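To start, the structure itself, in C-alpha cells.
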Amino acid sequence: MAKKKVQDPAAKGPDMTLYMIYAGFVIFGTLWLALQLGNTLASQRQTIPINPIAIGFELARGDLQWPVASTVIVGLVVLAAVAYVVMVRRSKTRKSVGRLAVDDKADHMGHGGAIRPLSEEGVREKAKQLGMRLGRTDMPGVPIGRSVADGQMVFGSYEDLHVDIWGPRQGKTTSRVIPAILSAIGPVLTTSNKRDVVDATRDVRENKGSRTFVFDPQGVADEEPIWYWDPLAWVDAHSPGCEVRAVRLAGHFADGDDSSGPSVTTDSYFDQEAEDLLAGLFLAAAVDNRPIIQVWEWVNNWRDTEPVELLRRAGQHYMASGLAQQFNVDDRTRSGIFGSAKKMVRCLKLSNVHPWITPGETRTRDRGTVNRIQFDELEFIEGNGTLYSLSLEGRGSAAPLVSALTEAVVDVATRKASRSPGGRLAIPLLAVLDEAANVVRWKDLPKQYSHFGSRGIVVMTVLQSWAQGARCWGSDGMEALWAAANIKVLGSGVDDSKFLSERSEQIGEYDSISQSVSESKGGKSYSRSLASSKTFNVHALATLPRGRAIVFSSGTPPVLVRTVPWWEGEYAPAVTKSIEAHLPAPYRKTQIADLRPAGPSLIKSEPKSDAGQIEEVKPL
C-alpha cells in the first residue's frame, strides 16, 4: 500500500476569505465592463453611471436595461475562462504523463549547464578535440538516457569508460546494451548469456555495412559454426610477446574454472603451477602449428615430453626449462599439477566446442557443407565488424574461450592503436561486456581499464550487483574498476545497502526550509529554519522505479535520467524486423538467409600484398 502524504502542521493553508474577495472583484469587474461595452454597441445608448452601486440600484428599479450585447460579452468571457482552464489542465496532464514521484528529486541534481560535458554539444566538442571527424548522422557518443530535469539527452564520450549496475530484469539490455550497439560508429564486441542482443541488432549492423560474427559454442543462439577462432593464432608464437599472450591465455582458463566456488577450496601452489603448465603447453602447440585441442591430449599424458622438445626446437629455452621441471617432479606433485590443469581446460574435450576453435567443415541446415573460415582480429577491427560472444554458466561452460576471445580482440585493437596517430584508434572500438562477471571472467580487467580510454577503446561493463563484481575481481578489484570508470550508471533493482549508502552520500544533499508549529492556550506559534535533506536516501535508491537511472560522471553532479529503450529510437522498425527474422525455427515465417544482407568479408584468407590492405576505414 502506498504511503499517505503527510500534511505539514505548520502549513496555514489557503485563505478562503481572501480568495472570495478576489473572485468578487473579478465577477463585478467583468459585469461592469460588459455593461459599459454592451451599451456602446447597443442601437439605443443609455446613460450608465460609473458607480457600480448606483448601477445596481438602477437595474433593480428598472431605470436601466441590461443590453443583449452585454450578455453576449459575458458569455464569451465565461467560455474563454472555461477554455483556458481546460487547456491548462490538459497541458499539466500531458506533462505528467510518464512522470514519476521520484522525478521531483531531479531539480536538486545535475542539469543544464552543470552537465554540459554529457550533452550532445559537449561530447561532439570532445570528439573534435580527440581528432575524430563525425558525420552529421553519426551518434556523438554512447547514449545513456534523457535528463529528467531538462529533457536533454545524456551521452558518454568516445573516451569514457562505463560501469553499469542494474538489478535483474530492469531493462539494462533494452535501454543500455542494444542502443549502444545500434549507435556505434565503429567495430563492436559484445558478450552475453542470451540471444536477445544478437537477434535485435545483427541485421541492423549488417545493413550498415558491418559483418557480424556470433561465437556460440554452447548453442545459446542456435548458431552454426561457419567460422572458427584459433586462440593459438592470437598467441602468434613467431612474434615478440608470444610468451606473454600464452600466459594470458592460460590465465583465462584458470580464471574460468567454474567448479571453484565459495564451498570449494583452492590450492595456491597447484593452481599456479597448473596455470604455468598450460602457458607452456599453449606455446608449444603454437610453435608447431598444432590445434589447441592438442593441449587436452598433453595434460592427460604427463609422460609425453614432446611439448618440451618443441619449445627447445623453437628457441624458447626458458619456457622449455620451466615446463621440463613440471614434468620431472615427483609423481604425487606432478599428478596434482596435471590434474588441476586438466580441470581448467576441460571444455577442450567437448565435441560441440571443437568446430568453433579448429578448422574443418560444417554441415549447415540451409547451405549444405561449408568450410569454416578463420576469424582474424585485425581484419575484424579494420572492417568495423560486430562480434557477439555467447556463453552460459555451469559445467561445460565456454567462458574461458569467450574471455580469451574478448581479450584477443581488445589486445589487437590496443596494438593497432599504439601504431596510430595519437596512440588511439581513429574509429573507436565499443566493447559491451554484458554479464561481465559471469561470461567474461577477465581477472586483469580492472588493472587495464583506465588504459583503454586513451586507446580509443570504449568499454561498458554491465553487472547485476556490486557483490557480483567483487566475487569475480575481489573487493579491491571491483573498487579499482569503479574508480577507473568515467561514467557510472546505477539502475533500478539494486538492494545492496552498503553500496547504496555510498551512492547516497555521493549524490549529496540539498537545502530545504523546515517549518514547525507549537500550540498552547494562547494560540499557535510558527517557526521556519534552513536545513539540509538527502536527495536520495538508501530506501529511495533501493526503490528506484524501472525506467529511471542515476548517472555519476567525472566532473559533473549526478544526474537522474529517464532510460530510453530501443523501441523509442530511430532504429525501432529495423530492430523489430531483425528480431522477427531471427526467431527460433518453429516461429520463423521467413528464412533468415533471405533476410540477412551480405556484408564485407572480415575473415582471414590468403596473405595479401601491401596494395590489398585496407588503407582507410570510414565510420559506419
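Read the figures in this text as sums done on the coordinates, not as results from a lab. Given the structure is predicted, the values throughout are model-derived calculations rather than measurements. Note that we place each Cβ from the backbone using ideal geometry, even for glycine, and neighbour counts take in every protein chain shown.
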(Q) Looking only at segment 107-126, filter to residues that are of a type in the set (A, V, I, L, M, F, W, C) and buried (at least 20 other Cβ atoms within 10 Å of the Cβ); which one of those is farthest from Pro421 (Cα to Cα)? (A) Met109
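Could you check how many residues of segment 450-463 are surrounded by fewer than 20 Cβ atoms within 10 Å (Cβ to Cβ) and in contact (Cβ under 8 Å) with a residue 60 or more places away in the chain? Spell out how you get there, then give the answer.
Step one: of segment 450-463, the residues surrounded by fewer than 20 Cβ atoms within 10 Å (Cβ to Cβ) are 450-451, 454.
Remaining after also requiring in contact (Cβ under 8 Å) with a residue 60 or more places away in the chain: 450, 454.
Total meeting the criteria: 2.
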Q: Could you run through segment 371-408 and say how many residues are within 20 Å of Thr201 (Cβ to Cβ), part of a helix (DSSP H, G or I) and among the polar types (S, T, N, Q)?
A: 1
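Name the single residue that is farthest from the chain's Cα centre (by Cα) among those in segment 162-185 being in a loop (DSSP other than H, G, I, E, B) and surrounded by fewer than 24 Cβ atoms within 10 Å (Cβ to Cβ). Let's see the steps before the verdict.
First, the residues of segment 162-185 that are in a loop (DSSP other than H, G, I, E, B): 166-171, 184-185.
Pick out the ones that are also surrounded by fewer than 24 Cβ atoms within 10 Å (Cβ to Cβ) and you get 167-171, 185.
On the way: Gly167: 13, Pro168: 14, Arg169: 14, Gln170: 12, Gly171: 10, Ile185: 16 Å.
By that ranking, first place goes to Ile185.
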Q: Just give me the residues in segment 128-142 being crowded, with 21+ Cβ neighbours inside 10 Å and not in a loop (DSSP other than H, G, I, E, B), in sequence order.
A: Val142
Q) Does segment 410-447 hold any residues that are touching a strand residue (DSSP E or B) at 6+ places or on another chain (Cβ under 9 Å) and among the polar types (S, T, N, Q), and which are they? A) Thr414
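Does Arg89 satisfy being of a type in the set (D, E, K, R), in a helix (DSSP H, G or I), farther than 30 Å from Lys534 by Cα and under 21 Å from the mean Cα position of the chain (by Cα)?
Values: of a type in the set (D, E, K, R): yes; in a helix (DSSP H, G or I): yes; farther than 30 Å from Lys534 by Cα: yes; under 21 Å from the mean Cα position of the chain (by Cα): no.
No, not satisfied.
Which one is farthest from Val409 (Cα to Cα) among residues in segment 443-468 that are among the hydrophobic types (A, V, I, L, M, F, W, C) and within 16 Å of the chain's Cα centre (by Cα)? Please lay out each step first, then the result.
Of segment 443-468, the ones among the hydrophobic types (A, V, I, L, M, F, W, C) are 445, 452, 457-460, 462-463, 466-467.
Those left that are additionally within 16 Å of the chain's Cα centre (by Cα): 457-460, 462-463, 466.
On the way: Ile457: 11, Val458: 13, Val459: 12, Met460: 15, Val462: 19, Leu463: 21, Trp466: 26 Å.
Filtering segment 443-468 for residues that are among the hydrophobic types (A, V, I, L, M, F, W, C) and within 16 Å of the chain's Cα centre (by Cα), the one farthest from Val409 (Cα to Cα) comes out as Trp466.
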Q: Could you list, in sequence order, all residues of segment 201-233 that are part of a helix (DSSP H, G or I) and touching a Ser or Thr at 6+ places or on another chain (Cβ under 6 Å)?
A: Arg202, Asp203, Val204, Arg205, Glu206
Q: Only residues in segment 107-128 that are under 29 Å from Ala426 (Cα atoms) and in contact (Cβ under 8 Å) with a residue 40 or more places away in the chain count as the first member; pair them with residues that are of a type in the set (A, V, I, L, M, F, W, C) and in a helix (DSSP H, G or I), Cβ under 9 angstrom, at least 6 apart or cross-chain, and list the lot.
A: Pro117/Val123
Q: Go through segment 554-577 and give me each residue that's in contact with a helix residue (DSSP H, G or I) (Cβ under 6 Å, 6 or more places away or on another chain) and part of a strand (DSSP E or B).
A: Thr556, Pro557, Pro558, Val559, Leu560
